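All remarks here apply to the structure that follows.
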């Protein structure tokens with residue numbers, strides 16, 4: 001799926017009714033409030049009563065073993081998968097009450113394999129992110145180009161704005177897709193393994209950039225050693241259930257990691273005072 005696809009997905013998935021839902025007013029102090037989220041597929045529970053909250057400047061990272069429901073949780077947050085029960089509130093509104101366009105104006109999505117069918121220039125791709133704010137076939141205006149310039153400068157791609165996507169490195173392409181997502185001017189940015197195919201330097205560049213944005217982020221990441229300096233909160237999922245949620249210093253402890261991943265975990269102090277995690281089979 002493409003970056004900034006919330007408008008496409010939301011148009012394909014109608015708002016879910018309240019039948020079988022847990023009624024909940026939602027903590028209005030949180031930008032995003034998820035309460036009792038349960039998703040079932042072919043009779044199997046993929047997510048089982050997951051609850052958590054995200055503040056306006058939080059970077060929440062979801063971790064857990066394969067098959068724990070991480071991607072399903074991300075997709076639930078922009079109505080891409082139906083849920084059996086539970087509620088999701090965004091900026092005080094039940095997301096089921098939002099129109100597809102309003103949802104796409106508030107939520108942007110960046111996937112690990114973000115692709116487009118055409119070899120757009122960086123600027124053209126970024127301008128696609130303005131679609132939720134425009135009428136069908138409406139031409140880009142001065143405000144759209146201003147937003148595109150702002151986000152391209154923010155991600156460091158303004159000098160490359162006329163380059164085509166195929167001419168960019170992997171890290172540059174991912175930053176271009178991030179620019180498209182940011183052009184939506186979202187309140188919430190969803191990232192599903194956005195650095196999975198990038199080298200170490202490109203991973204650090206993308207994560208540092210996202211952390212500096214100052215908007216709410218919910219991300220799926222796998223590298224525990226990268227997460228510690230990136231997340232303000234961690235959500236650990238195991239078999240579709242919330243095992244732990246809190247500040248990285250509280251969650252990144254051997255007991256939690258060993259229970260979640262079935263490995264022996266050891267925290268090793270570095271000379272600069274930072275820590276690295278080492279893992280081995282029991």
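The values are calculated or read from the model by the stated rules, or taken from the named source; none is laboratory data. The model shown is predicted, which means the values in this text are computed figures rather than measured ones. Every residue, glycine among them, receives a Cβ derived from its backbone with ideal geometry; neighbour counts consider all protein chains shown.
What number of residues in the stretch 100-138 are farther than 18 Å from residue 165 by Cβ and part of a helix (DSSP H, G or I)?
Residues in the stretch 100-138 being farther than 18 Å from residue 165 by Cβ and part of a helix (DSSP H, G or I): 9 in total.
Restricting to the stretch 255-277, give me the number of residues that are more than 26 Å from the chain's Cα centre (by Cα) and outside any loop (DSSP other than H, G, I, E, B).
So the answer is 7.
Working only within the stretch 139-176, note down all residues that are within 16 Å of residue 114 (Cα to Cα) and touching a strand residue (DSSP E or B) at 6+ places or on another chain (Cβ under 6 Å). Before the answer, list the steps.
Taking the stretch 139-176 and keeping what is within 16 Å of residue 114 (Cα to Cα), we get 164-176.
Correct list: 164 only.
Would you be able to say whether some residue in the stretch 178-188 is without any contact (Cβ under 8 Å) to a residue 60 or more places away in the chain and closer than 27 Å to residue 90 by Cβ? Give the steps one after another, and end with the answer.
Looking only at the stretch 178-188, we keep the residues that are without any contact (Cβ under 8 Å) to a residue 60 or more places away in the chain, and these are 179.
Filter again for closer than 27 Å to residue 90 by Cβ, leaving 179.
Yes: one or more hits.
Got a sec? Which of 159, 186 is in a loop (DSSP other than H, G, I, E, B) and either at pLDDT 95 or above or over 13 Å from the mean Cα position of the chain (by Cα) (or both)?
Only one candidate passes the filter, namely 186.
Those residues that are without any contact (Cβ under 8 Å) to a residue 40 or more places away in the chain and either crowded, with 18+ Cβ neighbours inside 10 Å or touching a helix residue (DSSP H, G or I) at 6+ places or on another chain (Cβ under 6 Å) (or both), I need them from the stretch 154-169; list them, please. Please lay out each step first, then the result.
Narrowing the stretch 154-169 to residues without any contact (Cβ under 8 Å) to a residue 40 or more places away in the chain: 157-160, 167, 169.
Residues satisfying the conditions are 157, 158, 160.
What residue, among those in the stretch 30-49 that are in contact with a strand residue (DSSP E or B) (Cβ under 6 Å, 6 or more places away or on another chain) and assigned to a loop (DSSP other than H, G, I, E, B), is modelled with the lowest pLDDT?
Initially, the stretch 30-49 is screened for residues in contact with a strand residue (DSSP E or B) (Cβ under 6 Å, 6 or more places away or on another chain), giving 30-39, 46-49.
Still in the running and assigned to a loop (DSSP other than H, G, I, E, B): 30-31.
Details: 30: 89, 31: 96.
For the stretch 30-49, the residue satisfying everything is 30.
Return the residues of the stretch 58-89 that are more than 20 Å from residue 247 (Cα to Cα), touching a helix residue (DSSP H, G or I) at 6+ places or on another chain (Cβ under 6 Å) and not in a loop (DSSP other than H, G, I, E, B); say none if nothing qualifies.
Residue satisfying the conditions is 88 alone.
Considering every residue within the stretch 141-149, establish whether at least one is within 30 Å of residue 99 (Cβ to Cβ) and touching a residue at least 60 places away in the same chain (Cβ under 8 Å). Let's see the steps before the verdict.
Kept after step one, since they are within 30 Å of residue 99 (Cβ to Cβ), are these residues of the stretch 141-149: 141-149.
Remaining after also requiring touching a residue at least 60 places away in the same chain (Cβ under 8 Å): none.
The answer is no; no qualifying residue exists.
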